[in-house]
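The values are calculated or read from the model by the stated rules, or taken from the named source; none is laboratory data. Predicted, not measured: the structure shown is a model, and the values here were computed from it. Here the Cβ positions follow ideal geometry from the backbone for every residue, glycine too, while neighbour counts run over all protein chains shown. Just so you know, the surface numbers come from the protein's heavy atoms only, side chains and all, with ligands and any DNA or RNA stripped out. Shrake-Rupley method; radii C 1.70, N 1.55, O 1.52, S 1.80 Å.
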Amino acid sequence: MAIIDSKGSSGIQESPALITKNHFEFKSLSDWSYNISYGCSHGCSFCYVPNTTAIKREINFEKKGHIPDKWKAERIAGEHWADFHWGEYSIPRAWDEAAFLKSLQTAENAKKLTPDGNRAIMLCTTTDPYQQLNILGNPEKSKLLNESLRALVRNALKLILEKSTLNVRILTRSPLAKKDFDLYKKFGNRLMFGMSLPTLDEKLSGVYEPHAPGPSAKLKVLRAAKEAGLHVYVAMAPTLPDEGRPELTKLLATIADLKPLTIFHEPINVRAENVARIQIKARELGRPIRGEVFETPSRWREYAFGQLAL
């Protein structure tokens, strides 16, 4: 999979990665977000992030030369490349230590926070902190980009640890996170490590999380995190319309064995073209899905509230 990146010797020309206030309500996840890139190589088909961030920056990315001309033509024709090509691009942000420290100090000193945010910074809310980027035909640049992404995470964590009293919540789908277990341990009770685990079905995971590691790989990492003495949680999100009581019971029983501090759950939120992406991937893989639950608002509500009640 080719990842479109910035031009120039460093491969990075974007605005710096900063700690920013998020807009979560009633999610008990965090008060702050730290995102290392625009886009995400995992390309989850259900993801609605393109509608909240990337689509708003399409023209800016095009002007900077990040995006192929054929994608620009698609946007002009009325289709948002940021949505339809989700998973095919990840544009790393720059590292600016002074700017990061300023944002960290702002977060540290903030007084009016949500009651359930736990003074926590989440890595990440619009991308994944652990991605593997591949520029086809350019292994040197691929290596540079991956080193840059890793530095964005470790640099930030070290400064949060040393220069603040804030808490951290890691959310990833990638086993690459194991490389930072040593740093996580230093936070003690200030850090929770979590992975997204919406299903135990490897084939369904291929439809909804096409480029992410599968459920068995995630479970290995979660178990390793427990063995390492880390506090873990699980994002059972989103639960899928294709699975009912038997599947959810098995999933919850598997999660319970991890003794997580908390479980986060939500159904699929319909935004922009994520339903089309789900259906395209299902057809590609020849896996029938319950796409009818997205056809009308009333059907979606029945699915969403049904999952919450179940």
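Before moving on, here are some points about what is shown:
- Filtered residues of segment 213-264 (kept if of a type in the set (Ser, Thr, Tyr) and farther than 24 Å from Ser45 by Cβ): Thr249, Thr262
- For segment 83-93, the condition of being in a strand (DSSP E or B) and touching a Leu at 6+ places or on another chain (Cβ under 9 Å) holds for at least one residue.
- For segment 248-269, the candidate set comprises residues that are in contact (Cβ under 8 Å) with a residue 60 or more places away in the chain and among the hydrophobic types (A, V, I, L, M, F, W, C); within that set, the residue that is surrounded by the fewest Cβ atoms within 10 Å (Cβ to Cβ) is Leu261.
- Leu222, sole failed condition from (1) assigned to a helix (DSSP H, G or I); (2) open to solvent by 20 Å² or more (accessible area, probe 1.4 Å); (3) within 30 Å of Glu108 (Cα to Cα); (4) of a type in the set (A, V, I, L, M, F, W, C): (2)
- Yes/no for Lys102 being charged (D, E, K, R), in a helix (DSSP H, G or I) and over 20 Å from the mean Cα position of the chain (by Cα): yes
- Total residues in segment 110-128, condition farther than 19 Å from Pro213 by Cα and open to solvent by less than 10 Å² (accessible area, probe 1.4 Å): 4
- Boolean, Thr126 is out of contact with any Asp or Glu (no Cβ under 6 Å at 6 or more places or on another chain), within 18 Å of Ser37 (Cα to Cα), touching a residue at least 24 places away in the same chain (Cβ under 8 Å) and hydroxyl-bearing (Ser, Thr, Tyr): yes
- Sole exception among (1) touching a residue at least 24 places away in the same chain (Cβ under 8 Å); (2) open to solvent by 70 Å² or more (accessible area, probe 1.4 Å); (3) over 18 Å from Val293 (Cα atoms) for Arg245, by number: (3)
- Lone unmet requirement of (1) among the hydroxyl-bearing types (Ser, Thr, Tyr); (2) within 20 Å of Ala17 (Cα to Cα); (3) over 18 Å from the mean Cα position of the chain (by Cα) for Ser216: (2)
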